[in-house]
Amino acid sequence: MAMYNTELQKQVKQMFRDLQARADEVITSSSTYRTASERMMNIVSSKISAETEGYIIDLYDSFTERIKKEDFFQDPEHLKAFYRLNLREELNSKYHFEIDSLDAYKKGIDYEEINRLYASLSVMAGTLAVGGILKFAISSAVNIPFAVIIAGAVAAACAAYLKIVPEKNKKEFRRAVNKFLNDLENDILNWFVDVEIFFESQVRTLYKRID
């Protein structure tokens, strides 16, 4: 299923092009793979979290404009019922998009612990994919900031590469990071589709409740 908001897709793709350029700079300038991994964890999680909070607002606004055109919501009382759902606020409460949530959460938690936290989330969600974990969080009480989930994904990907590859070099590390970012881009885009489906499912409850 494709996203309704095609302009948002373009913005996400550009964000990941920018992140790939930043990652390349980090790998080039870092003296160790561990340092590069930690720097990328902070850069990627902070950037995606900051942008995603705005993307969710755009998704919600686009969705709202679309449903306002439906016959059902020409009735002012029906439209008021939709706004009372507070869908945007509900998503914010599930994912805690605020950037400062990452710093606050990381006090007393190190790189390995974030990696282990992500592994635990993966078990709960039944998948290692970021998109699957984010989808799981829509319907479950995860209560872990969005930025920490992304940070965990970066930490897990880097740790897996450093553990599996016996002869490391920056060229191969860069290739592995680019593949990870490409996969993460697809996961984020697929999760946005899940968010749109979530919005629609909540609106369907209004149809049943009011009719």
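A few notes on this one:
- Residues of the chain: accessible area per residue with a 1.4 Å probe, Å²: 51
- Estimated FRET transfer efficiency when R0 is 30 angstrom, pair Lys69-Asn186 (beta carbons, to 0.05): 0.50
- Percent of C-alpha pairs per 10 Å bin in region 4-65, short distances first: 20, 41, 24, 12, 3.
- Annotation: Lys170 carries an accessible surface of approximately 80 Å², with a 1.4 Å probe and no ligand, DNA or RNA atoms counted.
- Rounded to the nearest 10 Å², the accessible area of Lys171 at probe 1.4 Å: 130
- Helix-only mean residue ellipticity at 222 nm for the chain, each DSSP H run of n ≥ 4 adding -39500 (n - 2.57), per residue, nearest 500: -27500 deg cm²/dmol
- Note on the chain: Rg/Rh from C-alpha atoms, Kirkwood Rh, equals 1.03.
- Shape category assigned to region 129-211 from the gyration tensor of Cα positions, a/c cut at 1.5: prolate
- Relative contact order for the chain, counting Cα pairs under 8 Å that sit 6 or more residues apart, in percent: 33
- On Cα atoms only, tilt of 33-67 relative to the major axis of the chain in degrees: 10
The values are calculated or read from the model by the stated rules, or taken from the named source; none is laboratory data. Note that this is a predicted model, so its numbers are computed, not measured. Quick reminder, even Gly has a Cβ in these numbers, built from the backbone with ideal geometry, and neighbours come from all protein chains shown. Ligands, DNA and RNA are excluded from the accessible area calculation, which covers all protein heavy atoms including side chains. Shrake-Rupley method; radii C 1.70, N 1.55, O 1.52, S 1.80 Å.
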